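Undergrad: Can you keep this structure in mind? I'll have questions shortly.
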Amino acid sequence: MVGEFTDYLEADDWKDAAAIVGLIRFFDYAQIPYNKEGIARAKETYDDDSKYEEGLDVLKFNAADITDEKLDAFIEDYFSEELHHCAVERALQKTEWSKEEMDFINGKLTANTVMKKIFAKQKFDGTNAGKILDLIEENRTAIVRETYRNKSSLYRNFCNENVFRKPKGDTARLKGYYVDFAKKGKSLSYRYDMGLFTSSDSEFYDFIPFAFSIGRESFFINDNSTISQLVRTNQILQDKCQEQRANGSVDTRRVLFENIIYASDFLNYDVEIIKKDVDHPYFETFFLRRESIAVFQQIKNYNVFCRTVKIGDDYISIQAGLTDSVRNLQLMDDLIEALIKDDTNKKTANNSVLTWNLIKLNVLIREKLHIGGGNMNKTMRSAYAGAEKAAAVLKGRKQGNKISSYRTKLLSALLFHDYSRFSEILLSLSNYTDVYFPFAYDLFEDFEANKEAAYTFVNHFNEFSREKTEDDDTAENKIMDEV
């Protein structure tokens, strides 16, 4: 079985691992043989090291089987949702069209350079569907190849579009790795000695785009303990992206982290994840640790974080900020403070529930970092209840302006890290309202370690009406049960 294959790839790093996944998807589509049995056996024996045969888990194939015709057909099938002519073909499978549908078709016919060139003299008017379809068929190869190669979310996002289907070069064809030696070769080497420059390329890197989940943010999970596991993990991500795309646009970041949260068998171990953003000319690598995954998996309602909030003149992606903080195990103090400040300045409670969920998530991160008060649940329960009672007293006295005044002072002390001042204001408020704040003793003892209690108090101490939530109803008994 081994002798009939002339080429092979091992998942030594993420580039080869991604190329392997892309190649396997192509081989399966084109019904091209590769060592399926060897890959399957490697997975079966992986749990028992004594049975594991070194070098068995390798993708073996014949590069000669990879033809332009088969690859073009695969591109058209795999990326049909991304290719303009495919959208036109789907739209023309009827006999009557509304004005909006005709405008959509004509927009696709001029969506990029190759389409404009082919359909420069053709505009769909409702009577020439056959002519449009004939032109697509006559120019299918050029349309598929040029659209795939130059579209910013497809090959061009991952590789230098000028080296597609070219032989192995001196430097990797990937964005952020490629070097034009004619212009910059010597400047990249130590002391201008080209003998000290190292790089590697492979014609199989052309298959890397097929391994990523496609979107403005594209992800590849380098789960390369075995090739079978590598394919399985990324297939789960791909399938979930397809499900979301069927319901509209796809948010690949959301799909990735929702799978981490809700699919217990998706990822439960340290793993490398590669990200390619359309707006960045380079790949980003982050290592998702088991501790971070454990935090994610305690989130019960991820949907509450999938939103963008306008703070001042800036639009902040809460999902991006949260996922970056959790995967790096970094506290979200800045984001929490910004949301509370925005509500205070605008005299609303629009961010209150969101902020509350972020505060609770901050506590989970503290636990993984082994910092913070040891009795945080009780302290936050006390702060939540104290804020509600103090605000109720002042509302009963019709002193909403006092709530606003105290809240502004407390927030100012938090933002400037003047914890002594915060404590003084808190004592003053307790005296003014005759409301006892037991959580204050934890702040007096170690403010930094119990800061979430201070955030909780300021966030819920307000004069604004807001929608009642389950958190409001159960805060005194079940403050930290779920995020």
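The values are calculated or read from the model by the stated rules, or taken from the named source; none is laboratory data. Predicted, not measured: the structure shown is a model, and the values here were computed from it. Cβ: placed from backbone, ideal geometry, glycine included. Neighbour counts: every protein chain shown. Ligands, DNA and RNA are stripped out before the accessible areas are found, and what is left, the full protein with its side chains, is counted by its heavy atoms. Shrake-Rupley method; radii C 1.70, N 1.55, O 1.52, S 1.80 Å.
Undergrad: Projected onto the charge dipole of the chain (+1 at Lys/Arg Cβ, -1 at Asp/Glu Cβ, origin at the Cα centre), which of N259, L369, L443 gives the Cα projection farthest towards the positive end?
TA: My answer, from the dipole projection, is L443.
Undergrad: May I ask you to derive the relative contact order of the stretch 288-364, considering only C-alpha pairs under 8 Å and at least 6 residues apart, and to give it as an integer percent?
TA: Computed over the stretch 288-364, the figure is 29 percent.
Undergrad: Let me ask another. Please report, in debye to the nearest 20, how large the charge dipole of the chain is about its Cα centre when each Lys and Arg carries +1 at its beta carbon and each Asp and Glu carries -1 there. Write out the running numbers ahead of the final one.
TA: Working: 65 positive and 80 negative charges, 382 e Å.
Roughly 1840 debye for the chain.
Undergrad: When semi-axes √(5λ) of the Cα gyration tensor in Å is calculated directly from the model, which label among (i) 43, 28, 20; (ii) 52, 30, 21; (iii) 34, 29, 21 fits?
TA: Identified label for the calculated read-out: (ii).
Undergrad: Can you give the translational diffusion coefficient of the stretch 260-369 in µm²/s, computed by Stokes-Einstein from the Kirkwood radius over Cα pairs at 20 °C and 1.002 mPa s?
TA: This corresponds to a translational diffusion coefficient of 142 µm²/s.
Undergrad: Of Q93, T127, V458, which is farthest towards the positive pole of the chain's charge dipole, taken about the Cα centre with +1 and -1 on the beta-carbons of Lys, Arg and Asp, Glu respectively?
TA: The residue sitting most towards the positive pole is V458.
Undergrad: Related question: Hey, what did the chain get for relative contact order, percent, Cα under 8 Å, at least 6 apart?
TA: Relative CO of the chain lands at 11 percent.
Undergrad: Which distance in Å, rounded to a whole number, links the C-alpha centroids of the stretch 305-372 and the stretch 99-116?
TA: Centre-to-centre (Cα) distance: 42 Å.
Undergrad: Next question. Out of the trypsin sites (Lys or Arg not before Pro) in the stretch 63-97, which ones are loop residues according to DSSP with at most 15 other C-beta atoms within 10 Å?
TA: K94
Undergrad: Could you work out the relative contact order of the stretch 219-356, using alpha carbon pairs under 8 angstrom and six or more residues apart, expressed as a whole percent?
TA: Once normalised by length, the contact order is 17 percent.
Undergrad: Which of the helices in the chain meet the span-like rule: DSSP H, Cα axial reach of 27 Å or more, Kyte-Doolittle mean at least -1.0?
TA: 227-246, 376-396
Undergrad: Something else about it: Under a Cβ-only charge scheme (Lys and Arg +1, Asp and Glu -1), can you give me the dipole magnitude of the stretch 264-349 about the Cα centre, in debye to the nearest 20?
TA: 320 debye
Undergrad: Taking each pair of different alpha-carbon atoms in the stretch 68-163 once, compute 1/r for the pair, average those values, and report the inverse of that mean as the Kirkwood hydrodynamic radius in Å to one decimal.
TA: For the stretch 68-163, inverting the mean 1/r across all distinct Cα pairs yields 13.8 Å.
Undergrad: Okay, moving on. Write down Rg/Rh for the stretch 223-319, rounded to two decimals, with Rg from the C-alpha atoms and Rh from the Kirkwood relation over Cα pairs.
TA: Taking Rh as the inverse mean 1/r over Cα pairs, Rg/Rh reads 0.98.
Undergrad: Please report the spacing between the Cα centers of the stretch 224-291 and the stretch 60-74 in Å, no decimals.
TA: When both Cα centres are located, 26 Å separates them.
Undergrad: I'd like the carbon and sulfur percentage of the solvent accessible area for the chain, probe radius 1.4 Å, heavy atoms only, ligands and nucleic acids excluded.
TA: Looking at the chain in its full context, I get 45 percent from C and S.
Undergrad: Using just the alpha carbons, could you tell me how many Å³ per residue the convex hull of the stretch 314-442 encloses?
TA: Residue-normalised Cα hull volume stands at 113 Å³.
Undergrad: With a probe of 1.4 Å, find how much accessible area the chain has per residue, and write the answer as a whole number in Å². Please list the in-between numbers first.
TA: On the way: 23690 Å² over 483 residues.
Value returned for the chain: 49 Å² of accessible area per residue.
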